[in-house]
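Data block below; observations after.
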Amino acid sequence: MIIRQEQPADYDEVYELVKISFATSTNEGEWDYLNEVRKKSTFIPELSLVAENDVGKLIGQIVLYKTNITASDKIYTELLLSPISVHPDFFRRGIARAMMSEAFRIAKTMGFTSIFLCGDPAFYHKFGFKASYQYGIFHISDTTKKAEWCMALELTPGALTGKAGTINIQ
């Protein structure tokens, strides 16, 4: 398997990959969401990666892009992971883990210190993500202040210390 930066020539194949990966999900339109992400000023091409199998078929994709934590005194720019997809024929082979590892490595070399996402805690906790409220960072729509589905990962230990505030992950 090769993990590399996504290229514009990959967009159609990635669209179909995301569509088939989310076919049974309640997140309808995730495939269109990625196309919208690429148009935003927050998109970082170096952090949009694909995984290819031995015959050059795209079997996975991940994208990280800029998001903001709004604190009482400052706005902090960090990263959001959304979406990540693996072709159903290749589930449970470590592809998501490998893509995250590579994307996180690149992000760290670019100076980013943490990553946020909304997702299934049972899946993402095994990669080191914790509920963001544990860092004093709350999703803007979380009225309970205990949302387990809004998560954060510090790429640099202590990176979220003192950054309490809200995050609007869309």
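Output the antiparallel fraction of DSSP beta bridges having both residues in the range 1-152, as a percent to the nearest 5. In the range 1-152, approximately 95 percent of DSSP beta bridges are antiparallel ones.
Cα-Cα over 19 Å: which of K126/K163; K19/K57; K40/K66; K39/K66?
Pairs exceeding the cut-off: K126/K163.
Using a simple spin-label model with pseudo-atoms 7 Å out from Cα toward Cβ, R105 and S141 lie 3.5 nm apart. How are the C-alpha pair distances of the range 110-158 spread across 10 Å bins, as whole percents from the shortest bin up? Over the range 110-158, the share of Cα pairs per 10 Å bin runs 28, 54, 17, 1 percent.
From helices alone, the chain scores -7000 deg cm²/dmol at 222 nm; the rule is -39500 (n - 2.57) for each run of n ≥ 4 DSSP H residues, then divide by the residue total.
Gain in length, K74 to N168, computed as 0.36 nm per residue apart minus the alpha-carbon separation, to one decimal in nm?
Values: separation 94, 0.36 × 94 = 33.84 nm, distance 1.50 nm.
Using 0.36 nm per residue and subtracting the Cα-Cα distance, I get 32.3 nm.
Extension gain, V55 to Q7: 0.36 nm times the residue separation minus the Cα-Cα distance gives 15.5 nm. Based on the Kirkwood approach, the hydrodynamic radius assigned to the chain is 16.3 Å, with every pair of different Cα atoms included. Within the shell of other residues whose beta carbon sits under 12 angstrom from the beta carbon of V86, the net charge comes to +2, with Lys and Arg scored +1 and Asp and Glu -1. Taking GluC sites (Glu not before Pro) across the range 41-144, none is in a DSSP loop with at most 16 further Cβ atoms lying within 10 angstrom of its Cβ. Arranged from fewest to most other beta-carbon atoms within 10 Å of their beta carbon, L81, L34 become L34, L81.
Quick check: net charge around Y133, other residues with Cβ under 15 Å of its Cβ, Lys/Arg +1 and Asp/Glu -1? Walk me through the numbers on the way to the answer.
Details: positive: K130, K145, K146, K163; negative: D142, E148, E154.
Surrounding charge for Y133 is +1.
The value of relative contact order for the chain, using C-alpha pairs under 8 Å at least six residues apart, is 20 percent.
We did not get these values from a lab; they are worked out from the coordinates using the rules stated. Small disclaimer: the values here were computed from a predicted structure and weren't measured. We place every Cβ from the backbone using ideal geometry, glycine too, and count neighbours over all the protein chains shown.
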